[in-house]
Structures are given as C-alpha cells and as structure tokens.
Amino acid sequence: MQLAIHCQSYLDGLCRSCSQLTQPYPQQLTTKQQTMSQLPIDAACWLAPVASATGGFRNKAKMVVMGSAQNPILGILNEHGSVDLSQCPLYPVAFQQAFSFIRQFITQVGIDPYDVATRRGELKYVLLSQPDAATGQWMLRFVLRSQHHVAAMRKHLPSLLQRWPELAVCSANIQPEHKAVLEGELEIMLTAQDKLRALVNDVPLYLSVQSFFQTNTDVAAALYQTARQWTESLPVQRVWDLFCGVGGFALHVASAQRQVTGIEISEQAIQSAKRSAEELAVSIDFRALDATAFSLRQQESPELLIVNPPRRGLGDALCQQISKLNPEFLLYSSCNPVTLAKDLAQLPQYQALKAQLFDMFPHTEHAEVLVLLRLLR
C-alpha cells in the first residue's frame, strides 16, 4: 500500500485517524480545494491552497494513557485495543524523547492508567504541546480522576525537570466524571511558570494550559500573516476581533492608525492577549466577554469585523446582528466549511473578495478557510 507518508500503524490496520493517507499529498490538496467549490464563494476568489509539511507538523499530542503504571502506553484505545502512537510520524522527532520522559515519570510516581471498563485507575490522558519549537520549551498536562497522586507528582517533579529541563509548564487537571469529557474545571499548576511564549511571525503569543492554539504552527503563521496582508491596505480605522482567543488576529492587524477591540469569553486568554499587546507596545482593547452579547450591545459598527468562531460557527443571533451593523469588511476564519456556508447564507449582503484554504490538518478531510468579504452597495 502506497501512503503519502510512511505510517506503520496505518499499514498494520491499527489507526485510521488519517483517513486520506492513501492519497498522494498533492491530490489531497486538490480534493479539498474542489470541496471548497461548494461554498457560496465565486470560483475566481480562490487563491492557491497553503500546503503543510506532510509529517512532523503537529505541535500537540492528546494521548490516552493505557497499560499499567510500570508499562504505560500512550496512544488511542479503539476496537484493536491499546494502540501505541508514540512513534506517529505526524509528531516531530523531539516528541519521541518527550514521551519517554513522560512514561518514566508515570512509572516513578506509580500512577495507574484509568480503565474505562472497570472505572479503576487514575490517569486518563497526557496532553503535550510545543507551540514554538525554536524555544525548545514544552507544556505538559496530566488529566487525572482525582487529586490522589498530586502530592507524589510534586515530589518527583524535580527529578523529571532535571532529566527534561525544557519542560517549562506542567499541570494536573482533575476530571472525576466517567464520561467523554476531556478535562475538568480544576487545574493544579505543578510548575511556577504557567504560560509558554510562542513567537508567531513577529508576534509573541502567551499560551496557558487551557489556551486554544492551532495544531500546526507553520500553517497558523501563514494564516495570520495572510490576514495581515489582506487587511493592511483596507481603509478602516475601527476593527473588532470576535472570538479572539489569545489575540492572534488582532495583534497581527493592529496599527497606530486603528482602534482594535478583541473579544473572547476566556479571562485567561484575554490576560495573555493583553500581555502580548503590552510587549508589542500596541493599543488594543481586549475584553473578556461573550462575542454575541458584546455585539448586541453595540450601536456603532466596526469597519472591519474579524471572526474566528468555533466549529459551530457564528450562529443565528450573531449573524443577525452583523446584518444590522453591516461592517464594510468581514474577515472570516473557519475551521468548519459546513457552518461557514450556513453563516454566509445568512449574510447575502456580503461578496467575497478573496478566499484561501490553509491545510492545517494534512491526511484528513478537515480544512481551515480564510475569506475576506465586502459589503455590497
């Protein structure tokens, strides 16, 4: 079987997460671009897709912990049983050493993996990320059923840091419920440092343990840079960035001539965004608010509205309010073309100027799309 990138787990039939792996990568891009033709966007607006590296591009790993404390397995649990994915070719080589350190620590502390069938054990997941490989720094979260092992984790953490000094941020998340929920509300920091600094293009982003950041740093950098290039010459002074997260889009489009407002419901993310703005010496009004509730209270429209909603899209209420405010330009970043199409159908007064596919997730059907639209007069 010919694969776009060699993957032994796929060849052995153990993992099918990369559903398009049998297609050559150029064909994958062509197929995704053809799928975009179903969106209500004129074909002439589409630019060439932004490609990704085919392997070693993932900056984060969500691993189910299986096996035993003496022999932990990091990977997925499916119909084949416990599948070790520590050698997955989507991760940079440095992840393999990191996984080794994590397994050693689990054994040293003696944390039994959680068994779904018997509801026994403690450790459910490990979440590992390195958003900026240039710094060499890592963030690691352990998702546990209870706080039972937290004291032992604190005791043995110095020896882990001695072996792995690049581990900058480490925490324990407590998720006591027996259901398909990744993390709980309680986060216990194990290190003094609680954020990683990632330089994306020329913009520093500060990521906490629960911050959203794209899985593919290089393609994310291209996405932000494209947003900057598409909007830098627009005749706009007032800019809103809704669902701004830690400020990626707002920080890239800000200038001394613009009044930029960033809205995000997470207070932690807003504090990170403010830290970045202070470091860059740019004035941005970042606020921890619900995006729809914020827009409904506004009487004055921005000239440029940037939206980067979750997979569910903007929703009816926000689309209706956008139609009332009618900003001159709309920049929509979408991780779900289905909801993007639904939202654009509710905004027929806008015409696309440019659209581009960013292949954040090679070997899958997922697509990230950026669209610049202008109000029809």
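Every read-out reported here was derived from the displayed coordinates using simple, explicitly stated rules and does not represent laboratory data. Keep in mind that what you see is a predicted model, and the values were worked out from it rather than measured. Here the Cβ positions follow ideal geometry from the backbone for every residue, glycine too, while neighbour counts run over all protein chains shown.
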Per-pair calculated FRET efficiency, R0 = 41 Å: residue 1 and residue 278 via Cβ, rounded to 0.05: 0.20
Residue-by-residue Karplus 3J(HN,Hα) for segment 51-65, coefficients 6.51, -1.76, 1.60, Hz, glycine and proline x: 7, 10, 4, 7, x, x, 9, 6, 9, 8, 9, 10, 10, 6, 9
Tally of Lys pairs whose C-alpha atoms are under 24 Å apart, taken over the chain, 8 or more apart or cross-chain: 17
Summed side-chain charge close to residue 170 - residues other than residue 170 whose Cβ falls under 14 Å, Lys, Arg +1, Asp, Glu -1: +2
Degrees, to the nearest 10: 25-36 long Cα axis against longest axis of the chain: 50
